[in-house]
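To keep things clear, I will list the structure first and then write my remarks on it.
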Amino acid sequence: MLLSSIPVQSFIQLRPDPAKTDPVQSKGGGTVDLAAYSVDRVPGTTKMSFTELSQGTGGVYGSMILDGIFEVYLESVIGKEHWHLVRSNVAVWTRVLDQWNLVKTSFSGDMSMDAVEIELPRAAFTALGATRSDSVRGALRKHNGANIRDIRGDGEDSDDDDDEEEEEEVEHLLLTSVIIKKLFDQVVDGIIKLTMDVIADCAAKGADKAITKVLCVGGFSDNQYLVKRVRAAVQVAYPGIHVLVPALPSQAVLIGAVLYGVDPGTFKSRILRHTYGFGTLFQARDPHWNGVDTSALPKYEKPGMFGFATVYHKGFESMAKINDSVEADETKSTVVLPFSPEQEQVAVEIYMSSDREPKLITGTGCRHLGTISLPVDRSKGTDQQFEVQFKFGMTEIKTQFKNVATGEVQDVSLKYL
């Protein structure tokens, strides 16, 4: 099974022009994910290859998050004490969300649009009971009346409208374009910041890494207001960059996944999201420990000449570092030795870290991924070599541990986490 990120899948399907650099935004239900690539034509073929330019990023700014923001807003209008009775009724909340989804997909940012009504189904008031229902209707009437006055713009009440409003039972939430925009902006602002951060990161790496296009895919990219805001922000700061949306942005993800499965070698290189390595012993006087207080670290002593022992501490041996670019199937390796002649096995504990220069395997942002081990020939003592190898660049990291003398191998595949 091959696994890839949504921006990866989408980028393949869109088949952008070679010799360009582009970030892909995937704006879906729960998250927004961004990645940046340069595009090159494979010499002598019609194929394209993609080189990742910036560390992938993202945030919880998807369409479903906007649903949650709407939910909080409705709760603030009708009151927390009534809200749980409305929200806990699946049929009622489904009806409310269906209406909200129509608003969400059609909103274009047109501030002259008519206000829309979100009806609370009768079943909601049945569940609330008479007293609570009157309270909710009153809260809706107050909210809607205030927003009607905002629409008029004169700040004055209309006696006719007030009389008519009091005669009817208000069972709907009035949403003006101003309110809808405020709800949208809580996620759109975050999406724009992520986009600008990726563009700036690529620009800082040199003219050859400069972005020329932004491609918006995923279901949320169907929304006109979101695309307008992203396009306006990008073109003000970077006039030469074009923001593009395919005709069917949701399908870009699916089609791209199929194409990636057919030819996973399309991607030439990736940017590492973490530092990867393993735990090993460093002498207490090793430069590795510069700036580290080792007084509280466990000590490992190795007997030496004349009764003197060498002190070691366990630290993080980095094999590839966060933000490094790694080619597809690029291999990094090193050789380790048994620590003691009494050892029966040599074990390699594999770690990743969010730090570029991790010192400790117990440091902040450090995570144990797995352990691989091989038996030791005790007759040869510590004079045995074991090779630790990391292969990067595809959708997983392949780690291999090899006894150099015997050729015995243990390996494990790790996902890019």
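The values are calculated or read from the model by the stated rules, or taken from the named source; none is laboratory data. Model, not experiment: these values are computed from the prediction. Neighbour counts are summed over all protein chains in view; Cβ atoms, including those assigned to glycine, are modelled from backbone coordinates with ideal geometry. The protein model used for the area step is the full one, side chains on, heavy atoms only, and it has no ligands, DNA or RNA in it. Shrake-Rupley method; radii C 1.70, N 1.55, O 1.52, S 1.80 Å.
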Among (1) touching a Lys or Arg at 6+ places or on another chain (Cβ under 9 Å); (2) open to solvent by 60 Å² or more (accessible area, probe 1.4 Å), Pro287 falls short only on (1)
Screening Val348, Val388, Val326 for residues that are more than 17 Å from Thr280 (Cα to Cα) and either touching a residue at least 40 places away in the same chain (Cβ under 8 Å) or in a loop (DSSP other than H, G, I, E, B) (or both) leaves only Val326
Taking first residues from the range 264-275 that are closer than 12 Å to Glu330 by Cβ and assigned to a loop (DSSP other than H, G, I, E, B) and second residues anywhere that are open to solvent by 10 Å² or more (accessible area, probe 1.4 Å) and β-branched (Val, Ile, Thr), the pairs with Cβ under 9 Å that are 6 or more apart or on different chains are Leu272/Ile322
Screening Val227, Val234, Val214 for residues that are without any contact (Cβ under 8 Å) to a residue 24 or more places away in the chain, in contact with a Ser or Thr (Cβ under 7 Å, 6 or more places away or on another chain) and β-branched (Val, Ile, Thr) leaves only Val227
Of the residues in the range 34-79, those that are among the polar types (S, T, N, Q) and open to solvent by less than 10 Å² (accessible area, probe 1.4 Å) come to Ser54
Picked from the range 335-394 (must be over 17 Å from His313 (Cβ atoms) and of a type in the set (Phe, Trp, Tyr)), the residue farthest from the chain's Cα centre (by Cα) is Phe386
Those residues of the range 80-125 that are under 16 Å from Leu140 (Cα atoms), surrounded by 12 or more Cβ atoms within 10 Å (Cβ to Cβ) and without any contact (Cβ under 8 Å) to a residue 12 or more places away in the chain come to a total of 1
When every residue in the range 206-253 that is touching a helix residue (DSSP H, G or I) at 6+ places or on another chain (Cβ under 8 Å) and of a type in the set (Lys, Arg) is compared, the one surrounded by the most Cβ atoms within 10 Å (Cβ to Cβ) is Arg229
